[in-house]
Amino acid sequence: MLIGKKHFLTVGALALAAVIHAAPAVAQQKSVAVTAIVEHPALDAVRDGVQEALKQAGFESGKNLRWQYQSAQGNPGTAGQIARKFVGDRPDAIVAIATPSAQAVVAATKDVPVVYSAVTDPVAAQLVPGMQPSGTNVTGVSDLLALDKQINLIKQVVPQAKRVGMVYNPGEANSVVVVKQLQELLPKAGLTLVEAAAPRSVDVASAARSLIGKVDVIYTNTDNNVVSAYESLVKVGNDAKIPLVASDTDSVKRGAIAALGINYRDLGMQTGRMVARILKGEKPGAIASETSSKLELYVNPGAAAKQGVTLSDSLVKSAAQVIK
């Protein structure tokens, strides 16, 4: 009996020691909650890039990182619900991908660290007061593009173009910013802007059809409604022989003629490295917002043929990727 009791106490002590030894590992567990306004190739690439960068920084889902992801499926109301749910979970950081989701999360918390990504103009979207360290709980990475380079690409694809159509969601702040800038810049290049509103993804096709006979080319920014329904835009472009020029390189794989844009996987990794800094103890308000200056040209000669234009050899040769 005495030996058994001693043995029991020894085993109990070892078990207690194991629990005490394991406690610091549990304390090291971090949590990241990720939300996007909708699922489409560019935003999915951002999400995957964030996760990859975190893994490279030593934070791996299922080991020392609790990772959760939810898409709002294009619904701003759902984005708000997800934001409030995530804030209630009190993660170490919330990653909000695209402007509507970022606005919902920032409106829901003033203390949980928030890192936005794929937001064209975070200042206009009222996420941060400027691109310098905000002093708040928010920082992130913008996908803002220099529109003069976009206009040059439009002229290279359709040299005779005079009227540029744009399908966009007037309720999405990043798209409104681009429209205002194009209204100022296009006339300087001898071009005019013709707008078509698509408040929902299901409106993209009808908005595109409304531009038939009114435009020489359709340009699309990274508007989430448009990108999520890009195939419907491509059908209109192919049927009506209207060339499509995009700012999202994944759209070229889906039927646009050309795009000079950001690699969204790289943008996600840039975002993920910022999140890792926060997980390691930095305050988001002390980290300046960033942009990506790395642009890639994608072209699709097959799409060009379907939409009635021929790409110059020099443009094709300058492309980072030629979609066959």
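Bear in mind these aren't lab numbers, they're just calculated from the coordinates by the rules spelled out. Quantities reported herein were computed from a predicted structural model and do not represent experimental measurements. In this analysis, Cβ positions are derived from the backbone assuming ideal geometry, glycine residues included, and neighbour counts consider all displayed protein chains.
Numbers below:
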| read-out | value |
| --- | --- |
| Peptide ranges 162-175, 78-91 listed from the most packed, as the mean C-beta count within 10 angstrom indicates | 162-175, 78-91 |
| Paramagnetic reach from K180 (point 7 Å along Cα→Cβ, amide N under 17 Å) across the range 126-140 | 126-131 |
| Calculated Cα extents along the principal axes in Å (choose from (i) 50, 46, 38; (ii) 97, 39, 32; (iii) 58, 51, 34), label | (ii) |
| For the chain, built as a Gaussian network whose Cα springs stay under 10 Å, the top-fluctuating residue of K280, K30, K110 | K280 |
| Dmax and Rg, reported as Rg then Dmax, of the range 212-324 (C-alpha, Å) | 17.3, 56 |
| Contact order normalised by residue count of the chain, Cα under 8 Å, 6+ apart, percent | 20 |
| All-pairs alpha carbon distance profile, the range 190-233, 10 Å steps from 0, percent | 27, 58, 14, 0 |
| Cα-derived Rg over Rh, computed across the range 54-124 with Rh taken as Kirkwood radius | 0.98 |
| Karplus-derived HN-Hα couplings along the range 300-314 (A = 6.51, B = -1.76, C = 1.60, θ = phi - 60°), whole Hz, x at Gly and Pro | 9, x, x, 5, 4, 4, 5, 9, x, 10, 10, 7, 5, 4, 5 |
| Three-way shape label, the range 238-283, alpha-carbon gyration tensor, a/c 1.5 | prolate |
| Highest average packing first - 242-251, 293-302, 188-197, Cβ atoms within 10 Å | 242-251, 293-302, 188-197 |
| Computed [θ] at 222 nm, deg cm²/dmol, the chain (DSSP H ≥ 4; -39,500 (n - 2.57); rounded to nearest 500) | -13500 deg cm²/dmol |
| Lysines with Cα under 30 Å of K155, excluding same-chain neighbours fewer than 8 positions away | K180, K188, K214, K235, K241, K253, K294, K306, K317, K324 |
| Candidates V158, V114, V138: whichever shows maximal mean-square fluctuation once the chain is modelled as a Gaussian network with Cα springs under 10 Å | V158 |
| Order by protection proxy (mean Cβ within 10 Å, highest first), peptides 204-215, 62-73 | 204-215, 62-73 |
